[in-house]
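K.L.:
This is the structure I want to talk about, given as structure tokens.
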Amino acid sequence: SGRSFARVENGKVVFKAEIGAATAEACQIQGVWVAPEFRGRGHSETGMAAVVEFALRDVAPVVSLYV
């Protein structure tokens, strides 16, 4: 459904997340992951910001993180 997101650098997945459960009222972001060798470099912050921005614009007015 076009709700999986990844940042790929030199053929390697650096960050990934999915929008899982979704209704017209809310959606959940799940499966957030950063490759171990790329942790601590801000990839989760920029990646999550992009996913949340997309979710709020195109999916639902409320976004939550499923942990």
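The values are calculated or read from the model by the stated rules, or taken from the named source; none is laboratory data. Only a predicted model underlies this, so the values are computations on that prediction, with no experimental measurement involved. Cβ atoms come from the backbone with ideal geometry, glycine included; neighbour counts cover every protein chain shown. Quick note on the areas: whole protein, heavy atoms, side chains included, nothing else; ligands and nucleic acids left out. Shrake-Rupley method; radii C 1.70, N 1.55, O 1.52, S 1.80 Å.
K.L.:
Any residue in the range 9-23 that's more than 13 Å from Gly47 (Cα to Cα) and small (Gly, Ala, Ser): show its pairings with residues that are open to solvent by 20 Å² or more (accessible area, probe 1.4 Å) and modelled with pLDDT of 95 or more at Cβ separation under 6 Å, as long as the two are six or more apart or on different chains.
P.N.:
Partner pairs satisfying both residue conditions: Gly20/Gln28; Gly20/Gln30; Ala21/Gln28; Ala22/Val59.
K.L.:
Being within 16 Å of Arg3 (Cβ to Cβ) and part of a helix (DSSP H, G or I), is that true of even one residue in the range 41-48? Steps first, please.
P.N.:
First pass over the range 41-48, keeping only residues within 16 Å of Arg3 (Cβ to Cβ): 47-48.
This time we only want the ones that are part of a helix (DSSP H, G or I), so: 47-48.
Scanning the range 41-48, I find at least one residue that is within 16 Å of Arg3 (Cβ to Cβ) and part of a helix (DSSP H, G or I), so the answer is yes.
K.L.:
I need every pair where a residue in the range 34-51 that is surrounded by 13 or more Cβ atoms within 10 Å (Cβ to Cβ) has its Cβ under 9 Å from the Cβ of a residue that is polar (S, T, N, Q) and at pLDDT 95 or above, sequence separation at least 6 or different chains.
P.N.:
Val34/Ser44
K.L.:
Give the number of residues within the range 19-33 that are touching a Pro at 6+ places or on another chain (Cβ under 8 Å) and open to solvent by less than 60 Å² (accessible area, probe 1.4 Å). Give the derivation first.
P.N.:
Our first condition is that a residue be touching a Pro at 6+ places or on another chain (Cβ under 8 Å); within the range 19-33, this holds for 25-26.
Those still in the list that are open to solvent by less than 60 Å² (accessible area, probe 1.4 Å) too: 26.
Counting residues in the range 19-33 that are touching a Pro at 6+ places or on another chain (Cβ under 8 Å) and open to solvent by less than 60 Å² (accessible area, probe 1.4 Å) gives 1.
K.L.:
Next question, about the same structure. Scan the range 3-34 for residues that are of a type in the set (Val, Ile, Thr) and either under 13 Å from the mean Cα position of the chain (by Cα) or assigned to a strand (DSSP E or B) (or both) and jot them down. Give the steps one after another, and end with the answer.
P.N.:
Quick first cut of the range 3-34, residues of a type in the set (Val, Ile, Thr) only: 8, 13-14, 19, 23, 29, 32, 34.
Result: Val8, Val13, Val14, Ile19, Ile29, Val32, Val34.
K.L.:
So, in the range 52-67, how many residues would count as being within 17 Å of Ala6 (Cα to Cα) and either out of contact with any strand residue (DSSP E or B) (no Cβ under 7 Å at 6 or more places or on another chain) or surrounded by fewer than 13 Cβ atoms within 10 Å (Cβ to Cβ) (or both)? Show your work before the answer.
P.N.:
To start, the set of residues in the range 52-67 that are within 17 Å of Ala6 (Cα to Cα) comprises 52-55, 65.
Going one step further and asking which of them are either out of contact with any strand residue (DSSP E or B) (no Cβ under 7 Å at 6 or more places or on another chain) or surrounded by fewer than 13 Cβ atoms within 10 Å (Cβ to Cβ) (or both), we end up with 53-54, 65.
Qualifying residue count, the range 52-67: 3.
K.L.:
Taking the range 1-12, which residues are in contact with a strand residue (DSSP E or B) (Cβ under 8 Å, 6 or more places away or on another chain) and open to solvent by less than 60 Å² (accessible area, probe 1.4 Å)? Before you say what the answer is, go through the steps one by one.
P.N.:
We begin by selecting, within the range 1-12, every residue in contact with a strand residue (DSSP E or B) (Cβ under 8 Å, 6 or more places away or on another chain); these are 3-8.
Result: Phe5, single match.
K.L.:
For Gln30, all conditions in the list (1) out of contact with any Asp or Glu (no Cβ under 9 Å at 6 or more places or on another chain); (2) modelled with pLDDT of 95 or more hold save one; what is the number of the exception?
P.N.:
(1)
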